[in-house]
Amino acid sequence: MHQPQSASIESKASWTVAAAALVTMLMAYGAAWITAVALRDIAAEAAGARSVPALATSLAWLGGGLGGILMGRIADKIGTRWTVLFGAVMIGVGLALSTLGPPWPLWIGHGLFIGLLGIGGINAPLYIYVSRWFDRRRGSALALISSGSYLAGALWPTLFERVIAHVGWRETMLWYALAEVVVIVPLALFYMPHPPELVHAAAASGAARSEPRVLGLKSNTVFALMCAAAVLCCIPMAMPQGHLVAFCGDLGISRTVGAAMLSVLLGTAFLSRQIWGAISDRIGGLRTVLIGSALQGASMIAFLLTQSEAGLFTVSAAFGLGFSGIIPAYVLALRELFHGAEASWRIPTLLLFSGTGMALGGWMAGALYDHFGYYAPAFATGIGSNLLNLVVVGALVLRTMTVRRKVIA
């Protein structure tokens, strides 16, 4: 017997909330792209060391992951609206502090304020929050809101390149800080009410006492494997995103074209992510991760083999297509495999590991460039990390198939 449509928690309000979360992510993640576009300009103020601005971006990713664990818990107690408001203000503070120059003001501004307190208060809490507004099309909703970071990458680099060329990277940061606060604060105040999904603390404690098994293994063993896989796939994911503009400059391609190429990469990611969301609703989160990771690895190999402008545009689009569905698919897999009451700590923890991978990938590419003088060793390292990710995720997918066959039998 089918459940009536009214049994679903989804409504028009669910999609209104998701749209507000999308715009919030778009503005929050725009902050870090200024440093990516101005990487060579900022490095020039740090004796040419590209690892200095690359580390700032990495610290923002790492800080966002660490902050998400704390802010996810706080959001459960006081409401996501308030952590988002706080995060928006902290991103503005971080951008202002970063204008004082490399290295330490830039690192503190990005790591502590933009990352730990800013994105930490927005990213993980919004993943948890939006997942509690949906039950039937949760994968599509998570794909939509997570697209905010890539829509930011598609929209802002070209605009930032123009503004930086006219007024400099410092003034660009200050103006964007103002715009980000002006947009996010009203969205949080008026479009983020309490979600309809009820989560009982007793359920979480009861689940912990019974030590449930997932895929025939201890639940935390499966979770640890997923966290390791997140690190391994995000190391290569970060490299083209943080260094594509600089990579193009080394090949004699102008920064304007490089910024446009980055926009193509992230624009493709935004558009294809909606397709990945629909796919994940049908085949599940883990299988979606496996397919996306395989496409990402193939694109990383293509970056090593391509140096022409037209070829790099093509590879950038292919890379955006491959990696775009991975992170929301991880979150969907968590909601599929684990109790909903555990979302407030499992989702931020996994996002911490993915952010750690992004931080390692972005910093590693800069450090290896500084050592070797070109990007091929960095990209080769990313390919190796991607292959390890395929092994881990592939093992989990095989485990799901084995468990499913046993259930049917």
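Return the only residue of Val231, Val245 being in contact with a Leu (Cβ under 9 Å, 6 or more places away or on another chain), touching a residue at least 40 places away in the same chain (Cβ under 8 Å), at negative phi and open to solvent by 20 Å² or more (accessible area, probe 1.4 Å).
Going through Val231, Val245 in turn, just one is in contact with a Leu (Cβ under 9 Å, 6 or more places away or on another chain), touching a residue at least 40 places away in the same chain (Cβ under 8 Å), at negative phi and open to solvent by 20 Å² or more (accessible area, probe 1.4 Å): Val231.
So which residues in the range 159-180 are β-branched (Val, Ile, Thr) and free of Cβ contacts under 8 Å to residues at least 40 places away in the same chain?
Answer for the range 159-180, where residues must be β-branched (Val, Ile, Thr) and free of Cβ contacts under 8 Å to residues at least 40 places away in the same chain: Val163, Val167.
Looking at this structure, is Leu305 of a type in the set (A, V, I, L, M) and either open to solvent by 20 Å² or more (accessible area, probe 1.4 Å) or under 26 Å from Ser131 (Cα atoms) (or both)?
Criteria met by Leu305.
So Ala7 ticks every box in (1) surrounded by fewer than 24 Cβ atoms within 10 Å (Cβ to Cβ); (2) in contact (Cβ under 8 Å) with a residue 40 or more places away in the chain; (3) within 30 Å of Ser344 (Cα to Cα) but one. Which box is left unticked?
(2)
Quick check on this structure: which one of Val84, Val37 is among the aliphatic types (A, V, I, L, M), buried (at least 24 other Cβ atoms within 10 Å of the Cβ), modelled with pLDDT of 85 or more and at negative phi?
Val84
Would you point out the residue of the range 119-137, among those that are open to solvent by 10 Å² or more (accessible area, probe 1.4 Å) and either modelled with pLDDT under 85 or among the small types (Gly, Ala, Ser) (or both), that is farthest from Ser280 (Cα to Cα)?
That would be Asp135.
Would you confirm whether any residue within the range 374-388 is more than 25 Å from Ile291 (Cα to Cα) and either among the hydrophobic types (A, V, I, L, M, F, W, C) or open to solvent by 70 Å² or more (accessible area, probe 1.4 Å) (or both)?
yes
If you check every pair at least six apart or on different chains, which have Cβ atoms under 7 Å apart with a residue in the range 80-104 that is over 9 Å from Gly121 (Cβ atoms) first and a residue that is of a type in the set (Gly, Ala, Ser) and part of a loop (DSSP other than H, G, I, E, B) second?
Pro102/Ala46; Pro103/Ala46
Just one of the numbered conditions (1) free of Cβ contacts under 8 Å to residues at least 60 places away in the same chain; (2) hydroxyl-bearing (Ser, Thr, Tyr); (3) under 30 Å from Trp107 (Cβ atoms) is not true of Tyr330; which one?
Just one mismatch for Tyr330, condition (1).
Among the listed residues Thr35, Thr16, Thr83, identify the single one that is farther than 20 Å from Ala152 by Cβ, assigned to a helix (DSSP H, G or I) and of a type in the set (S, T, N, Q).
Unique residue meeting the criteria: Thr16.
Rundown of residues vs (1) surrounded by fewer than 20 Cβ atoms within 10 Å (Cβ to Cβ); (2) over 21 Å from the mean Cα position of the chain (by Cα), yes/no style:
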residue	(1), (2)
Met27	no, no
Trp33	no, no
Arg50	no, yes
Gly64	no, no
Gly79	yes, yes
Gly94	no, no
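Take the residues in the range 96-118 that are farther than 23 Å from Ile69 by Cβ and open to solvent by less than 10 Å² (accessible area, probe 1.4 Å); name whichever of them is modelled with the lowest pLDDT.
Restricting to residues being farther than 23 Å from Ile69 by Cβ and open to solvent by less than 10 Å² (accessible area, probe 1.4 Å), the top hit is Gly101.
Mind checking which residues of the range 44-77 are without any contact (Cβ under 8 Å) to a residue 40 or more places away in the chain, farther than 30 Å from Ser140 by Cβ and either in a helix (DSSP H, G or I) or touching an Asp or Glu at 6+ places or on another chain (Cβ under 9 Å) (or both)?
Within the range 44-77, Ala44, Gly48 qualify.
Of the residues in the range 52-62, how many are open to solvent by less than 10 Å² (accessible area, probe 1.4 Å) and of a type in the set (Phe, Trp, Tyr)?
Result for the range 52-62: 0.
The values are calculated or read from the model by the stated rules, or taken from the named source; none is laboratory data. Everything quoted here is computed from the prediction, not taken from an experiment. Please note: Cβ atoms are built from the backbone with ideal geometry, for glycine as well, and neighbour counts cover all protein chains shown. Quick note on the areas: whole protein, heavy atoms, side chains included, nothing else; ligands and nucleic acids left out. Shrake-Rupley method; radii C 1.70, N 1.55, O 1.52, S 1.80 Å.
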